[in-house]
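Have a look at the structure below before the remarks.
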Amino acid sequence: MSAERIIIKVGSSTLTGDAGTSLNGIAVAKLVDVVAELKSSGKEVIIVTSAAIAAGMAPLGLTERPTDLATQQASASVGQGLLIAKYSAEFTRHNIVASQVLVTGDDLSRELHKENAKRTLLRLLELGVVPIINENDSVGTEEIRLGDNDRLAALVLELISADLLVLVSDIDALYDAPPSQPGANRIAKVTDFKELEAIDIGGVGTSGVGSGGMATKIQAAEIATANGASMLLTDLAHLGDALSGKDFGTLFTAK
């Protein structure tokens with residue numbers, strides 16, 4: 001990939017263990033290894049991470065993702081610390097500094113807040129840091145929550161003029177039918193969103209702990225490509241190969 005500034009968004013279903021009840025440390029380590037490789041080749045990388053709510057579930061004794069806002073906020077408050085601690089520990093293996101950046105919808109809609117966020121992110125990149133962004137679910141309300149980190153990642157790309165958005169999902173690519181359905185075919189490249197009108201986009205991830213789905217990924221692709229960036233959709237197992245240009249995942253080409 002020729003992109004120099006990359007946003008990588010990883011979903012809860014990728015970062016959590018059985019049924020999404022705990023943080024999957026192996027998955028975090030694999031993601032960090034890929035990011036470290038990108039950094040070693042001179043790329044600037046920002047991670048937009050999900051899984052704060054999911055990471056907080058096990059310590060709170062929750063076996064299913066909470067549906068009420070107060071419990072979601074409580075779980076996120078517990079999980080955010082666990083999540084950033086794991087990221088920081090894994091990046092330390094590569095002598096890379098990571099930082100936590102928590103945002104709300106308000107931060108990316110008000111001009112003054114947007115400028116503050118942009119200034120902080122660009123300075124972190126200048127310092128060689130990998131910013132790790134998450135929606136601030138511990139204080140977000142129904143009115144200001146962005147609702148899904150796919151869109152958040154696309155808005156961050158727009159904010160700092162990144163070249164490539166990468167969505168790491170539990171599905172390895174976009175298919176022309178549900179992937180579990182016999183005869184479903186991977187779509188390697190999307191150059192025109194009209195090509196997708198007849199496709200069954202599908203719902204949320206298989207773990208049941210995510211808030212997005214394929215529809216939000218298409219929306220993120222529309223934002224990214226409209227801003228002159230490409231978007232790659234793949235899973236963690238194929239992430240490194242896809243970023244190196246091998247034929248994995250689905251690439252949405254920039255307009």
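A short reminder: the numbers here are calculations on the coordinates, not readings from a lab. Note that the structure is a prediction, hence the values are computed from the model and not measured. Cβ coordinates were reconstructed from backbone atoms using ideal geometry, including for glycine residues, and neighbour counts include every protein chain displayed.
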How many nm is it between the label spots at residue 255 and residue 237, if each spot is 7 Å from the Cα in line with the beta carbon?
3.5 nm
Separation in nanometres of the label points that stand 7 Å from Cα toward Cβ, at residue 198 and residue 186:
2.3 nm
Lysine pairs in the stretch 5-252 8 or more apart or on different chains: how many have alpha carbons under 17 angstrom apart?
10
In a shell of Cβ-Cβ distance under 11 Å around residue 114, excluding residue 114 itself, what net charge do Lys and Arg (+1) and Asp and Glu (-1) give?
-2
Simple Cβ-charge dipole of the chain, Lys/Arg +1 and Asp/Glu -1, about Cα centre, in debye nearest 20:
600 debye
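May I ask you to compute the full-extension gain from residue 247 to residue 37, defined as 0.36 nm times their residue separation minus their alpha-carbon distance, rounded to one decimal in nm?
Details: separation 210, 0.36 × 210 = 75.60 nm, distance 1.89 nm.
Between residue 247 and residue 37, full extension yields 73.7 nm more.
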Need one number: nm distance between label points at residue 116 and residue 63, each 7 Å from Cα along Cα→Cβ, rounded to one decimal.
4.3 nm
Given a 10 angstrom Cα cut-off, can you work out which residue in 106, 148, 172 is the most mobile in a GNM of the chain?
106
So which DSSP H runs in the chain come out at 20 Å plus along the axis (Cα) with average Kyte-Doolittle of at least 1.0?
25-40
Efficiency by 1/(1 + (r/R0)^6): what FRET value for residue 177 and residue 26, r their Cβ-Cβ distance, R0 = 41 Å, to the nearest 0.05?
0.85
How would you rank 91, 252, 193, going from fewest to most other Cβ atoms within 10 Å of each one's own Cβ?
193, 91, 252
Selected from 228, 183, 42 as most flexible by GNM, with the chain as the system and alpha-carbon contacts under 10 Å:
183
The set of residues whose placed amide H lies less than 5 Å from the amide H of residue 190, leaving out same-chain residues fewer than 5 positions away, is 251, 252, 253
Using only helices, what value at 222 nm comes out for the chain when you add -39,500 (n - 2.57) per DSSP H run of length 4 or more and divide by the total residues, to the nearest 500 deg cm²/dmol?
-11500 deg cm²/dmol
List the residues, sorted by chain then number, that are 5 or more residues from residue 177 or on another chain and whose placed amide H is less than 5 Å from its amide H.
185
FRET efficiency (residue 70, residue 100; Cβ distance; R0 30 Å; to 0.05) is 0.85
Going by amide H atoms built from the backbone, whose H comes under 5 Å of the H on residue 166, apart from near neighbours?
7, 8, 9, 232
